[in-house]
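I have placed the structure first, in the form of structure tokens, so that the comments after it can refer back to it.
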Amino acid sequence: MRIVTAGIGLRAGHVLSIMKEAMPKIDFVGYYDPQPSHLEMIGEDTPRYDDVTTMLAEAKPDLFFVGSPNSFHLEHIKLGLAAGVRMFTEKPVVTTKADTMELAALLAEHGTDRVMVGLVLRYSQHMVDLRKVLDQLGPIASLEASEHIAPYHGAFFMRDWRRMIKWSGGFMLEKCCHDIDIYNMVCHSRPQRVASFGGRKSFVPEFAPTLNSENEIMHRKKSVWESVDDPFRSDGDIIDYQTAILQYESGASLSFHTNLNVPDEHRRFCVMGALGMAEGDFVRGSLKATARDGSVIADHDYTQMETTKASAHYGADHMMVDDILAYLKGETDGLPVGVTDALEAGLAAMAIDEARITGRVIDLTDIWKEFDSYGLRA
């Protein structure tokens with residue numbers, strides 16, 4: 001299999017190296033990146049191209065990996081569609097409503113199966129096991145969930161290109177679209193109305209470290225492109241905490257909280273249905289489902305997962321790569337998540353930020369009407 005990539009940063013390098021590990025016959029036949037930072041992860045001898053169009057025409061890949069900063073995704077996906085190549089794009093797929101609708105129109109023309117997406121939580125063992133018991137919980141009534149990341153990771157966001165909404169689309173979209181997607185899946189529904197509150201209270205000058213040990217923590221995760229040194233005095237316009245309330249078309253409701261400065265980090269969820277509940281934590285490695293009568297439907301401990309496959313995203317990176325390669329080889333008919341799911345999660349994240357910025361409850365009825373007009377679900 002011949003693979004090219006637009007962008008060869010840490011995330012692209014990590015996923016591509018796992019692909020090579022799983023399928024040694026993969027050949028990396030080209031990359032486009034004006035400032036590559038992790039080329040060694042796919043091979044220093046990989047041919048470099050000055051533009052994506054030339055790379056796609058000359059390298060003739062079987063798969064085009066779109067690992068560029070978020071704001072460039074649409075441009076690169078459009079080139080891939082025009083070249084007739086299959087693609088894998090990192091999340092979020094695009095960063096604005098206008099770009100979402102433009103891509104929806106292109107996918108209606110070219111087909112949604114041409115683009116696979118890196119919403120890796122759908123592939124996690126947590127979600128594999130949760131899907132097995134969802135029907136036993138009955139109709140979902142309410143959910144509470146969170147994504148809380150440690151200070152070193154929050155500082156990375158405040159130093160990295162992701163700190164700027166114009167490049168990342170904002171923190172809710174960049175980091176939490178995973179979470180929105182899996183709760184859309186759990187509810188078998190999309191958000192209809194959203195409200196949100198948040199701001200920036202931790203990564204501000206008054207809380208800048210005074211100890212070298214703390215300052216070292218804030219620089220543990222390396223950033224390259226358009227980075228700055230000080231996460232507490234950066235020019236970034238993303239927030240560091242946010243709470244959202246979502247009401248789904250099904251009638252279910254979700255309260256979701258994210259914070260970038262949680263020393264003992266966790267990523268929890270609790271799903272309540274008419275006939276039972278399920279609760280789990282991605283970071284702490286658990287999932288338990290309980291029926292209405294108190295009997296335990298499922299009880300999983302993921303802390304003993306094979307170390308080599310639990311190294312990132314709770315082991316889901318390896319599971320995602322295995323599923324994608326099986327799909328590309330024709331061994332399976334589909335994947336747990338598609339580009340339509342990703343675009344819907346993205347639109348919900350954008351609406352949540354609009355609600356936070358404007359102080360209004362945002363109704364997505366018209367947004368879904370426009371999105372559905374492209375017939376991607378048909």
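The values are calculated or read from the model by the stated rules, or taken from the named source; none is laboratory data. Given the structure is predicted, the values throughout are model-derived calculations rather than measurements. Here the Cβ is made from the backbone with ideal geometry for all residues, glycine too, and neighbour counts use every protein chain on show. Quick note on the areas: whole protein, heavy atoms, side chains included, nothing else; ligands and nucleic acids left out. Shrake-Rupley method; radii C 1.70, N 1.55, O 1.52, S 1.80 Å.
What to note about this one:
- Reduced Cα scattering model of the range 226-268, Debye log10 I(q)/I(0), q = 0.18, 0.22, 0.27, 0.32 Å⁻¹: -0.74, -0.88, -1.02, -1.12
- Tensor-based shape of the range 82-194 (alpha-carbon gyration tensor, a/c under 1.5 rounded, otherwise prolate or oblate): oblate
- One Cα centroid belongs to the range 223-244, the other to the range 44-75; the line between them spans 28 Å.
- Calculated FRET efficiency for the pair Phe72/His110, C-beta based, R₀ 22 Å, to 0.05: 0.70
- Total charge dipole magnitude, the range 322-378, about the Cα centre, Cβ charges on Lys, Arg, Asp, Glu only, Debye to nearest 20: 160
- Working value for the chain: equivalent-ellipsoid semi-axes of 30, 26, 22 Å, each the square root of 5 times a Cα gyration tensor eigenvalue, largest first.
- The chain - share of DSSP beta bridges that are antiparallel (%, nearest 5): 60
- Net charge dipole size for the range 237-378 [Lys, Arg +1 and Asp, Glu -1 on Cβ; Debye, nearest 20]: 260
- Here the chain is treated with +1 on each Lys and Arg Cβ and -1 on each Asp and Glu Cβ, and its dipole about the Cα centre works out to around 300 debye.
- Normalising by residue count, the range 267-378 has a Cα convex hull of 188 Å³ per residue.
- Other residues within the sphere of radius under 13 Å centred on the Cβ of Pro336, judged by their own Cβ, net out at -3 (K and R +1, D and E -1).
- Carbon + sulfur, % of accessible area of the chain - ligands and nucleic acids excluded, 1.4 Å: 49
- Dipole axis of the chain (+1 Lys, Arg; -1 Asp, Glu on Cβ), positive-most option in Phe88, Gly170, His188: His188
- Taking a straight line from the alpha carbon of Lys175, these aspartates and glutamates sit under 14 Å away, with near neighbours fewer than eight places off in the same chain left out: Glu90, Glu147, Asp160, Asp240, Asp353.
- For the range 69-218, the residue among Gly138, Ser213, His148 whose Cα projects farthest onto the positive side of the dipole built from Cβ charges is Gly138.
- Unsatisfied cross-links (Cα-Cα over 31 Å) in the set Lys20/Lys221; Lys166/Lys222; Lys222/Lys369; Lys97/Lys132; Lys25/Lys166; Lys91/Lys329: Lys222/Lys369; Lys97/Lys132; Lys25/Lys166
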